[in-house]
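What follows is a single structure, written as structure tokens, with notes after it.
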Amino acid sequence: MTDVVVLGAGPAGVLAAIRAADLGARTTLVSSAEFGGMAANDGPVPIRTLAYAAQLMREAHQLPRYGITASEPELRYDRLLARVREVVQDVRARSALRERIDTLGVTVYEQVGAARFADPETIETERGLRLRAEKFIICTGGVSRRLAISGIEFTSTHSDALRLPAVPASMLVVGAGSSGVQVASMFHAFGTRVQLFEAGPRILPAEDEAVAAEVAGELRSSGVGVHERFGVITSFEKTPAGVRMNFRDGDHDASAEAAVVVVAAGWVADTAQLNLAAAGVIVDPRGNIKVDQFLRTSAPHIFAAGDVTGRLMLVPGAVEDGFVAATNAVQGPTLPLPRRVSPSGSFTHPEYAQVGLTEAKARESHDVMTTVLPFDSAVRAIIEGRTFGFCKLVTDRASSRILGCHVVGERAVEIVQLAAIAMTAHMPVDELARVAVSFPTYAEVLVYAAVRAAIELGLPLSGQAEHLGA
């Protein structure tokens with residue numbers, strides 16, 4: 001019997017195995033597929049590679065503005081997919097985490113199929129592996145949510161879309177959260193005629209309302225069909241040309257058809273095959289494993305980390321979860337989950353990102369001031385012809401504390417990382433306004449916004465900040 005078995009080799013599982021082994025526990029890491037989990041093999045790494053290719057396609061159209069003559073770019077999708085595979089292999093091979101796993105003597109089982117609990121102390125996998133342990137840490141991640149609609153088998157998930165052998169002529173994307181908008185944006189850049197459908201009142205429902213409106217407007221102006229409040233899907237059906245989606249909009253029946261239909265209806269915990277009842281582990285109605293502040297499940301010897309808990313389904317959160325869960329599994333429940341600033345964003349076109357509270361959420365409990373700085377006032381954005389977008393700061397009037405930052409536009413994800421650092425350091429907005437940044441850079445967008453906020457609040461500024469605010 002080993003001390004700790006970690007189920008899942010994504011960011012949460014790998015960090016959990018490293019932490020447990022570092023604390024002296026005999027540790028085994030079990031992966032249904034390859035090392036790295038969804039993040040490396042089916043998520044951020046391949047998606048960001050495709051998104052970068054889409055960015056290059058768009059940037060090629062900027063060349064004539066700068067006096068550069070070139071032929072129209074042509075996408076060789078087979079070569080792009082080869083590059084995606086190359087990147088995934090490189091990331092996997094060069095992972096310092098894998099080297100650390102091996103150095104610590106963690107036993108690793110890869111590609112053993114789905115695991116399930118045979119009893120509270122034993123797991124079995126589809127390929128015959130059977131292990132007993134004193135403690136378990138469940139890090140099996142998440143899967144695309146499948147809708148219970150007739151004909152759903154004719155549709156694709158966002159993961160399926162990444163494995164298409166060729167760029168489809170047309171595509172319907174159903175669900176306009178971050179995954180759906182990302183798929184729509186990428187394939188539109190590749191030349192696909194894309195229609196994006198969202199049942200709710202707006203796309204990107206988790207983002208600040210101004211961000212969602214800006215992204216929707218830019219998608220429409222670029223040629224993506226954006227349909228909000230489109231109705232209720234009644235069925236999908238196979239057609240000679242692809243797949244038809246039938247839906248009811250009020251009292252009217254309607255349909256839309258494309259070569260491929262991608263359903264991006266959310267991400268849910270991958271717990272269905274674990275047979276958690278045999279281990280005494282309770283899940284909520286959505287299938288997320290219930291945990292306490294120490295990431296301990298209803299079974300005291302079993303912990304859970306990452307997407308399976310349904311909390312923050314992001315890589316940084318999964319990494320933190322893995323560390324906390326392993327610490328408590330080995331040392332007992334002593335380390336509660338920290339309250340951390342968690343930035344998020346998407347490499348779509350336009351790019352967008354956020355950290356902290358949206359304006360609407362902040363107004364529920366704070367006297368809020370919002371400051372919006374458009375990109376067309378930033379020198380770097382003007383130089384590069386990337387003047388679309390804005391940076392929005394949400395600030396508490398009484399304390400000058402930054403409550404949230406929301407950005408749409410070039411380098412949005414990187415800009416928001418800087419805001420996250422400032423918020424983690426509890427930097428008031430006037431202190432952020434005094435930070436010296438290189439000229440001209442996109443980082444200035446954030447500092448300019450902070451300067452404007454500080455001026456409105458009547459706070460003192462440094463010479464540089466006064467110059468920027470002039």
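General remarks:
- Meets criteria (over 15 Å from ASP208 (Cα atoms), in contact with a His (Cβ under 6 Å, 6 or more places away or on another chain) and of a type in the set (Asp, Glu)) for ASP430: no
- Restricting the stretch 261-278 to residues that are outside any loop (DSSP other than H, G, I, E, B) and not aromatic (Phe, Trp, Tyr), the residue that is nearest to LYS238 (Cα to Cα): VAL261
- Members of the stretch 279-288 that are out of contact with any strand residue (DSSP E or B) (no Cβ under 7 Å at 6 or more places or on another chain) and either among the aliphatic types (A, V, I, L, M) or part of a strand (DSSP E or B) (or both): ILE282
- Listed by position, the helices (runs of 4 or more DSSP H) enclosed by the stretch 1-120 that each have at least 3 residues that are acidic (Asp, Glu) and at pLDDT below 95 are 77-93.
- Members of the stretch 397-424 that are over 29 Å from PRO316 (Cα atoms) and in contact (Cβ under 8 Å) with a residue 60 or more places away in the chain: ARG397
- Of all the criteria given as (1) surrounded by fewer than 21 Cβ atoms within 10 Å (Cβ to Cβ); (2) in a loop (DSSP other than H, G, I, E, B); (3) in contact with a strand residue (DSSP E or B) (Cβ under 8 Å, 6 or more places away or on another chain), the one not satisfied by ALA176 is (1).
- Output for the stretch 343-396, where each listed residue is assigned to a loop (DSSP other than H, G, I, E, B), buried (at least 20 other Cβ atoms within 10 Å of the Cβ) and in contact (Cβ under 8 Å) with a residue 60 or more places away in the chain: PRO343, PHE347, THR348, HIS349, PRO350, GLU351, THR358, ALA378
- Within the stretch 289-314, the residues that satisfy the criterion of being outside any strand (DSSP E or B), among the aliphatic types (A, V, I, L, M), crowded, with 21+ Cβ neighbours inside 10 Å and in contact (Cβ under 8 Å) with a residue 24 or more places away in the chain are LEU295, ALA305, VAL308.
- When each of SER462, SER438, SER399 is tested for being surrounded by fewer than 24 Cβ atoms within 10 Å (Cβ to Cβ), over 19 Å from VAL379 (Cα atoms), among the polar types (S, T, N, Q) and modelled with pLDDT under 95, the lone residue that passes is SER462.
Every residue, every condition in (1) closer than 25 Å to ARG48 by Cβ; (2) among the small types (Gly, Ala, Ser); (3) surrounded by 14 or more Cβ atoms within 10 Å (Cβ to Cβ), yes or no:
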site	(1), (2), (3)
PHE187	yes, no, yes
ARG193	yes, no, yes
GLU207	yes, no, yes
GLU218	yes, no, yes
VAL226	yes, no, yes
VAL232	no, no, no
PHE236	no, no, yes
MET245	no, no, yes
HIS252	no, no, no
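- Applying the criterion of being within 12 Å of HIS227 (Cβ to Cβ) and of a type outside the set (Gly, Ala, Ser) to the residues of the stretch 160-184, the residue that is farthest from the chain's Cα centre (by Cα) is LEU172.
- Yes/no for ALA398 being in the same structural domain as LEU357 (by TED's automatic domain parsing) and touching a strand residue (DSSP E or B) at 6+ places or on another chain (Cβ under 8 Å): no
- The residues of the stretch 128-169 that are buried (at least 21 other Cβ atoms within 10 Å of the Cβ), part of a strand (DSSP E or B) and not basic (Lys, Arg), listed by number, are LEU131, ALA133, PHE136, ILE137, ILE138, GLY142, SER156.
- Close Cβ contacts (under 6 Å, 6 or more residues apart or on different chains) running from residues in the stretch 55-71 that are of a type in the set (D, E, K, R) to residues that are surrounded by 12 or more Cβ atoms within 10 Å (Cβ to Cβ) and not in a loop (DSSP other than H, G, I, E, B) comprise ARG58/ALA189.
The values are calculated or read from the model by the stated rules, or taken from the named source; none is laboratory data. Since the structure is predicted, the reported quantities are computational estimates derived from the model, not experimental observations. Virtual Cβ from ideal backbone geometry, glycine too; neighbours counted across all protein chains shown.
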